[in-house]
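A quick write-up on the structure given underneath.
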Amino acid sequence: MQSAIVPKPLPSWWQAALADKWQKGGFGLYVHWPYCVSKCPYCDFNSHVAQSVDQDIWREAYLSALTHYAAETGGRRLGSIYFGGGTPSLMRPDLVEAIIDAAQGYWVFDNDIEITLEANPGSVETGRFAGYRRAGVNRISLGVQALNDKDLNRLGRKHTAREALSSLEIAQAYFQRVSFDLIYARQNQSLRDWERELTFALSLTPSHLSLYQLSIEPETAFGARARAGKLGGLPLEKLASDMYDITYNICKNNGLERYEVSSHALPSQESKHNMIYWQAGDYIGIGPGAHGRLSLDGKRFATETPRDPTAWLKRAMNGPGESTRQPLSGTEQVTEYLLMGLRTRSGISLRRLKAMDDAVLDPDPLRHLEELGLVEQKGDALKVTPKGMPLLNAILRELVA
């Protein structure tokens, strides 16, 4: 682990704010499984393709990392565990169970702890899902992405629309809480195409949907194609904006409220784990490329792990697996809280923000944004309005500046 510069002691009022911070935001565990059957051309997540994986070695490494984090945070109340990737549904159920059991031994589980596992339709099997349920998983997030074969092929997905529907049916048979993802603003997709697809998706009675606009990231295969002028048919900004608007309206009319920019849920079905991120809680991140946030001894730290699976395995066998652990300055923490919290329907707590830095918000741009109807203050909360959500990045630039 790289050494970090130790900051000057913080004032007692600031330490109190830090101690309170993770408790208000919650405490979670993120477990990254880095392997996939293939690499999707739009994906910039830390995922790798391997011919074979020794899951017994990975079990040893995960449990070793958990042991080290438990020494620092043992006794805290754990609100969520999230198995992300990669494709965690390639993990053996007994490996998932070992991690959950270890976590239960180190931390106090909330009565309503949320334990989510991401799955790709191509890796869904009835027996495997039964094993995950026995292991303690109580929520599935299914990477459907599109509901027609032509677009699935364009996105590099290995499953068909029929397999996606079958996988969803299996997931809903085994788990009360099932979410699935769709990508819109795809190549040659019209507004009417997306309206029909989303309406059909809602007929499948999901309790949660994650709906993302296709993003062309520079370090992906799609990024390379776009630079070469070989990724045609992407929607213009006006069409993408119209798709965002009808997404909100169609979901709302079907009882799924947008509680974060890309997340829609029935009442009480919001992702508890993601809310920890957005509400500036603490979370442990284990596995290659995982990030974490930890409040310890009056300081708040950002942790990272190496992206290379082999490098992480070596580190995790003798420690938490981190490549860096850096203290966050007050300004960095405030900025994170603004950037993450204003993505949500509930917004941020002004009282909590004030405890971090009394002069964090310039009143002039805030007043201007309120006059434009893009943000609003209600009691202790500062929120971005539905009108402002499509302009969130511009709003954040104004407030953070």
- Message: Which pairs turn up if I take residues in segment 206-219 that are small (Gly, Ala, Ser) and look for partners that are assigned to a loop (DSSP other than H, G, I, E, B) with beta carbon separation below 7 Å, at least 6 apart in sequence or on another chain?
- Response: Ser207/Leu266; Ser207/Gln269; Ser210/Ser262
- Within segment 358-382, of all residues that are in contact with a Lys or Arg (Cβ under 7 Å, 6 or more places away or on another chain) and touching a residue at least 12 places away in the same chain (Cβ under 8 Å), the one nearest to Lys238 (Cα to Cα) is Leu374
- Message: Given the condition under 28 Å from Asn46 (Cα atoms), among the β-branched types (Val, Ile, Thr) and touching a residue at least 60 places away in the same chain (Cβ under 8 Å), answer yes or no: does some residue in segment 315-329 qualify?
- Response: yes
- Can you pull out the residues in segment 9-36 that are over 15 Å from the mean Cα position of the chain (by Cα), hydrophobic (A, V, I, L, M, F, W, C) and modelled with pLDDT of 90 or more? Cys36
- Might you check whether a residue that is surrounded by fewer than 23 Cβ atoms within 10 Å (Cβ to Cβ), over 23 Å from the mean Cα position of the chain (by Cα) and assigned to a helix (DSSP H, G or I) occurs anywhere in segment 84-94? yes
- Message: Can you list residue pairs whose Cβ atoms sit under 6 Å apart, with the first residue in segment 124-144 being within 20 Å of Glu114 (Cβ to Cβ) and the second being at pLDDT 95 or above and among the charged types (D, E, K, R)? Count only pairs 6 or more apart in sequence or on different chains.
- Response: Ala135/Glu97; Arg139/Glu114; Arg139/Arg177; Ser141/Glu118; Gly143/Asp181
- Message: Checking the conditions here, which among Glu304, Glu257, Glu270, Glu237 is at negative phi, of a type in the set (Asp, Glu) and at pLDDT below 95?
- Response: Glu237
- Query: In segment 150-173, how many residues are assigned to a helix (DSSP H, G or I) and buried (at least 17 other Cβ atoms within 10 Å of the Cβ)?
  - Reply: 11
- Please go through segment 304-324 and pick out each residue that is acidic (Asp, Glu) and more than 17 Å from Leu29 (Cβ to Cβ). Asp308
- When residues of segment 374-383 are filtered for being part of a strand (DSSP E or B) and more than 17 Å from Arg352 (Cβ to Cβ), how many remain? 1
- Message: Need the failing condition index for Asp242 against (1) in a loop (DSSP other than H, G, I, E, B); (2) in contact with a helix residue (DSSP H, G or I) (Cβ under 6 Å, 6 or more places away or on another chain), just the number.
- Response: (1)
- Do the conditions hold for Ser215, that is, is it hydroxyl-bearing (Ser, Thr, Tyr) and either in a helix (DSSP H, G or I) or surrounded by fewer than 16 Cβ atoms within 10 Å (Cβ to Cβ) (or both)? yes
- Hey, can you tell me all the residues within segment 200-233 that are farther than 22 Å from Ser271 by Cα and more than 24 Å from the chain's Cα centre (by Cα)? Phe200, Ala224, Arg225, Ala226, Arg227, Ala228, Gly229, Lys230, Leu231, Gly232, Gly233
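Listed here are the residues, each with its yes/no results for (1) part of a strand (DSSP E or B); (2) among the hydrophobic types (A, V, I, L, M, F, W, C).
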{"site": "Glu97", "(1), (2)": "no, no"}
{"site": "Ala102", "(1), (2)": "no, yes"}
{"site": "Asn111", "(1), (2)": "yes, no"}
{"site": "Arg128", "(1), (2)": "no, no"}
{"site": "Arg134", "(1), (2)": "no, no"}
{"site": "Ile140", "(1), (2)": "yes, yes"}
- Please work out which one of (1) at pLDDT 95 or above; (2) of a type in the set (S, T, N, Q); (3) not in a helix (DSSP H, G or I) is the condition Gln51 fails and give its number. (1)
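The values are calculated or read from the model by the stated rules, or taken from the named source; none is laboratory data. Keep in mind that what you see is a predicted model, and the values were worked out from it rather than measured. Note that each Cβ is placed from the backbone with ideal geometry, even for glycine, and that neighbours are counted across all protein chains shown.
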